[in-house]
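K.L.:
Have a look at this one before I ask anything.
The values are calculated or read from the model by the stated rules, or taken from the named source; none is laboratory data. Predicted model only: the values in this text are computed from it and were never measured. As a convention, Cβ positions derive from the backbone with ideal geometry for all residues, glycine included, and neighbour counts pool all protein chains shown. For the accessible areas, the whole protein counts, side chains as well, though only heavy atoms, and no ligand, DNA or RNA atoms are used. Shrake-Rupley method; radii C 1.70, N 1.55, O 1.52, S 1.80 Å.
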Amino acid sequence: MKKLPILILLIACTSFLIANAQERDEIDEQYKWDLTHLYSSDEEWTSAKNKLREESKKLDELKGSLTASAEKLADALEFLSDIRKGMSRLGAYANMKSDQDTRVSRYTSMKLELQQLGSGISAAASFIEPEILEADSANLMAFIKEESRLAPFDKYLSDLLRRRPHKRSEEVEKVIAQASQMAGTASNVRSIFSNADFPYPEIEIEGKKVKLTPANFSRYRASDDREMREKVFDAFFGKLQEFQRTFGAKLYGNLQSDIFYANVRNYESTLHSALDGNNIPVEVYHNLIDNVHLNLPTFHRYLQLRKRMMKLDHLHYFDLYAPLVGDVDLEFSVEEGKTHVLNSLLPLGEDYVEVVRRAFDERWIDMYPNEGKRSGAYSQGSAYDVHPYILMNYNEKYNDVSTLTHELGHTMHSYFSNKAQPFPKAGYSIFVAEVASTVNEALLNDYFLNDISDKNVRLAILGNYLETAKGTLFRQTQFAEFELKIHEMVENGEALTGEDFDRLYLEITRKYYGHDEGVCTVDENIKAEWAYIPHFYYTYYVYQYATSFTASQAIAEKLKNDEGAVEQYRKFLSAGGSQYPVELLHKAGVDMSSAAPFDLTIARINAVMDEMEAILDEIGHD
Ligand SMILES: [Zn+2]
């Protein structure tokens with residue numbers, strides 16, 4: 001059963017290396033976040049933490065009387081909720097302090113102290129759910145009606161009851177807990193083997209020997225030099241293939257573990273089990289795969305466009321990562337980036353833009369890279385009573401403006417949800433977490449396209465969009481389909497080996513890439529690709545990249561064309577986790593079990609390709 005988690009809502013989005021950054025104290029204060037909104041000093045943080053530690057000792061006193069009355073239950077849940085809220089705020093401060101300069105060991109210690117406190121509290125609170133579940137459902141429902149202080153917890157309580165059929169007897173639960181020690185073995189072995197022991201091949205690149213680690217593979221597969229790309233693919237996948245039997249045994253072991261949990265918790269299938277946490281109907285998963293199948297011709301159109309842009313006679317799988325277009329050749333100072341972001345968000349309403357302006361003016365954002373600062377970008381929305389923060393490593397490129405509006409999307413989602421919802425209902429799940437961020441990106445995209453007439457810049461912006469669509473919608477759905485297929489086969493009693501995974505992977509990949517229709521040749525060696533993708537151990541996780549991209553593209557299209565769309569979307573932004581994810585998206589006018597959001601997304605992708613082809617015709621690119 002899911003515990004009331006100590007939720008740290010932190011959405012990290014990008015990652016890159018910072019070279020030769022300036023020192024932090026050389027940066028103008030207005031471009032650094034102001035963490036005194038959380039605690040005036042480290043000392044204040046420490047005393048807040050000590051106070052919370054003392055408070056949390058009272059958890060024990062709640063034992064045994066949780067469901068004696070509606071009042072008692074409300075007292076207990078409020079108490080626990082306040083502790084979680086306090087922990088989130090403490091965590092936000094320690095993590096952000098540490099991220100602004102990872103070299104400072106004091107903040108590393110603060111994070112560790114907090115982790116310890118957190119696990120202590122989780123252990124001390126572990127009696128709560130089992131004790132609530134001992135109560136009669138009808139009684140609990142009556143409590144919710146009777147005691148208004150339970151209103152913030154109604155979703156939590158009804159969700160507990162919903163999942164009760166999958167809760168087993170105390171004795172069985174003990175066995176499940178013990179089994180968890182073994183269940184992760186396949187995944188652990190994969191991780192250690194791939195990260196530490198695997199003999200990644202060495203190849204010669206520009207006269208130097210280079211070890212093709214996954215990071216180097218990603219780098220060199222994007223080479224402009226076609227021979228090099230082919231060589232890199234051959235070497236990398238060839239080496240994976242040598243260990244096909246071992247990789248196969250690991251993946252099979254992980255499937256067995258998924259099946260164990262689904263069975264022991266009385267689920268119809270692993271898919272039902274994995275999607276149940278967020279109450280996502282399995283139809284949503286099937287609907288994704290079905291709709292992507294129907295729209296493979298659009299994907300093939302993309303592949304043909306890529307072939308044309310690369311001036312190739314024939315496209316191979318190893319050509320897919322070469323840059324389709326150059327970087328967008330424009331630079332934006334922070335102030336320029338800010339102006340464009342604010343303008344692009346106007347369709348969401350003046351008051352929305354006002355809050356974004358506050359984020360800049362009231363120092364919610366840590367903008368520039370500095371020595372020791374964590375790389376990448378994230379939004380930190382877990383200080384419920386304060387406001388979200390953003391970590392950036394702004395470098396004046398088009399992508400940085402795009403990342404900025406992406407993070408502001410997360411931040412506004414957290415801001416409006418924290419404002420409208422009580423703490424227990426404010427946090428939103430991964431299934432919807434990337435919607436607001438990618439809607440903002442889409443708005444920025446559309447805004448720039450309205451404004452920019454330079455054909456090469458347009459081509460670069462459109463091409464970037466297309467690559468995102470390829471990577472999130474088509475590739476992730478291809479993974480989702482493979483994952484479903486192998487689970488279903490093992491559920492039906494088949495034993496799968498590395499050779500089987502190879503065959504199944506190649507079959508699905510060839511279907512997606514139109515191998516038989518001559519669209520893109522998926523060479524035989526591509527069958528080994530599954531072996532290096534860690535996501536196949538995350539159990540039905542990747543489909544969410546595709547569904548949230550689809551939802552956000554559908555919303556962006558509606559915002560352009562549909563009168564009531566802004567109001568609907570704003571309701572979604574304020575809804576936090578007050579409902580299940582699929583219902584939340586309904587608020588925004590998106591039905592993920594229908595074809596509608598896919599149709600809108602595919603129309604958007606085709607419109608982008610229409611324009612790209614028109615530009616290529618105009619500039620005489622044959
Ligand atoms: Zn994100």
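K.L.:
Quick one: angle between helix 42-56 and the longest Cα principal axis of the chain, in degrees between 0 and 90, rounded to 10, please.
P.N.:
Approximately 60 degrees, to the nearest 10.
K.L.:
Modelled label-to-label distance, H293 and D562, 7 Å Cα→beta-carbon offset: nm?
P.N.:
Distance between label points: 2.6 nm.
K.L.:
Let me ask you something else. May I ask which of K51/K72; K49/K338; K145/K419; K250/K470 have a Cα-Cα span longer than 27 Å here?
P.N.:
K49/K338; K250/K470
K.L.:
Moving to a separate point now. Are there any trypsin sites (Lys or Arg not before Pro) in region 302-350 that are in a DSSP loop and have at most 16 other Cβ atoms within 10 Å? List them by number. Mind showing how you got there, number by number?
P.N.:
Details: sites: R306, K307, R308, K311, K338; in loops: K311.
For trypsin sites (Lys or Arg not before Pro) across region 302-350 that sit outside H, G, I, E and B with at most 16 neighbouring Cβ atoms in 10 Å, the list reads K311.
K.L.:
Where in region 351-393 does the amide nitrogen come within less than 16 Å of the point 7 Å from the Cα of D34, taken along Cα to Cβ?
P.N.:
Within reach of a label on D34, which here means backbone N under 16 Å from a point 7 Å along Cα→Cβ, region 351-393 contributes 355-367, 386-390.
K.L.:
Helix 296-309: angle to the longest alpha-carbon principal axis of the chain, degrees 0 to 90, nearest 10?
P.N.:
For 296-309 against the chain, the angle is about 50 degrees.
K.L.:
Next up: Output the 0 to 90 degree angle, nearest 10, between the alpha-carbon long axis of helix 435-451 and the longest principal axis computed from the alpha carbons of the chain.
P.N.:
It works out to around 40 degrees.
K.L.:
Just subtract the alpha-carbon distance of K63 and K208 from 0.36 nm times their residue separation and send over the number in nm, one decimal.
P.N.:
Fully extending the segment from K63 to K208 adds 45.6 nm.
K.L.:
For labels at T108 and A420 in the simple 7 Å Cα→Cβ model, what's the distance in nm?
P.N.:
Between T108 and A420, the label points sit 4.2 nm apart.
K.L.:
Please work out how much length the chain gains when fully extended from R357 to D523, using 0.36 nm per residue of separation minus the C-alpha to C-alpha distance, in nm with one decimal.
P.N.:
The span from R357 to D523 would gain 54.7 nm if fully extended.
K.L.:
Show that you can apply the helix-only estimate: for the chain, add -39,500 (n - 2.57) for every DSSP H stretch of four or more residues, divide by all residues, and state [θ] at 222 nm to the nearest 500. Mind dumping the intermediate values first?
P.N.:
Numbers: 27 runs with 368 residues, N = 622.
Computed ellipticity for the chain at 222 nm equals -19000 deg cm²/dmol.
K.L.:
Taking the Cα centre of region 27-161 as origin and charging only Cβ (+1 Lys, Arg; -1 Asp, Glu), how large is the dipole, in debye to the nearest 20?
P.N.:
The calculation lands at about 360 debye.
K.L.:
Mind running the shape call on region 471-622? Use the C-alpha gyration tensor, a ≥ b ≥ c as the square roots of the eigenvalues: rounded below 1.5 for a/c, prolate if a/b tops b/c, oblate otherwise. Can you show the working numbers first?
P.N.:
On the way: a/c = 3.11, a/b = 1.27, b/c = 2.46.
Verdict is oblate for region 471-622.
K.L.:
Which of the lysines could be linked to K560 by a straight reach, that is with a Cα gap under 20 Å, when you skip same-chain ones fewer than 8 residues away?
P.N.:
Counting by Cα, and skipping residues close in sequence, K560 has these lysines nearby: K571, K587.
K.L.:
A follow-up question, please. Calculate the FRET efficiency for S180 and E499 from the Cβ-Cβ distance with a Förster distance of 41 Å, rounded to the nearest 0.05.
P.N.:
0.85
K.L.:
A further question follows. Keeping all protein chains in place, calculate the accessible area per residue for region 27-161 (probe 1.4 angstrom), answer in Å². Walk me through the numbers before you get to the answer.
P.N.:
Details: 6430 Å² over 135 residues.
Per residue, region 27-161 has an accessible area of 48 Å².
K.L.:
On the protein heavy atoms, probe 1.4 angstrom, tell me the percent of accessible surface of region 229-357 carried by carbon and sulfur.
P.N.:
Carbon and sulfur together cover 49 percent of it.
K.L.:
Given a 1.4 Å probe and every protein chain left where it sits, what share in percent of the accessible area of region 27-161 is carbon and sulfur?
P.N.:
48
K.L.:
Size of the dipole of the chain about the Cα centre, Lys and Arg at +1 and Asp and Glu at -1 on the beta carbon, nothing else charged, in debye to 20? Can you show the working numbers first?
P.N.:
Numbers: 69 positive and 97 negative charges, 299 e Å.
Here the size comes out at about 1440 debye.
K.L.:
With a 1.4 Å probe and all protein chains left in place, how much of the accessible area of region 433-491 comes from carbon and sulfur atoms, in whole percent?
P.N.:
Of the solvent-accessible surface of region 433-491, carbon and sulfur hold 41 percent.
K.L.:
Just grab the label-to-label distance for N278 and L346, each label 7 Å out from Cα along the Cβ direction, in nm (one decimal).
P.N.:
3.4
K.L.:
Which GluC sites (Glu not before Pro) does region 188-259 hold that lie in a coil by DSSP with at most 13 other beta carbons within 10 Å?
P.N.:
Qualifying residues, ordered by number: E206.
K.L.:
Continuing with this model, one more query. Restrict the search to region 388-488; then list the GluC sites (Glu not before Pro) that DSSP places in a loop and that have at most 16 other Cβ atoms within 10 Å of their Cβ. Intermediate results must be reported in sequence, preceding the final value.
P.N.:
Numbers: sites: E396, E407, E434, E441, E467, E481, E483, E488; in loops: E396, E434.
Sparse-neighbourhood loop GluC sites (Glu not before Pro): E396.
K.L.:
Among residues other than E396 whose Cβ falls under 9 Å from its Cβ, what is the net charge (Lys/Arg +1, Asp/Glu -1)?
P.N.:
Counting the neighbours of E396, the net charge comes to -2.
K.L.:
At R0 = 35 Å, how high is the FRET efficiency between E488 and S122 if r is their beta carbon distance? Nearest 0.05 is fine. Write down the numbers at each step before the final one.
P.N.:
On the way: r = 35 Å, r/R0 = 0.99.
Rounded to the nearest 0.05, the efficiency is 0.50.
K.L.:
Have a look at Q380, T270, N464 and report the one farthest towards the positive end of the charge dipole of the chain, computed about the Cα centre with Cβ charges (Lys/Arg +1, Asp/Glu -1).
P.N.:
In the chain, that residue is T270.
K.L.:
If each residue of separation counts as 0.36 nm, what is the full-extension length gain between E54 and N139 once their alpha-carbon separation is subtracted? Let's see the in-between values first.
P.N.:
Values: separation 85, 0.36 × 85 = 30.60 nm, distance 3.24 nm.
Taking 0.36 nm per residue and subtracting the Cα distance, the gain is 27.4 nm.
K.L.:
Considering only protein heavy atoms, what per residue accessible area in square angstrom results for region 410-561 with a 1.4 angstrom probe?
P.N.:
32
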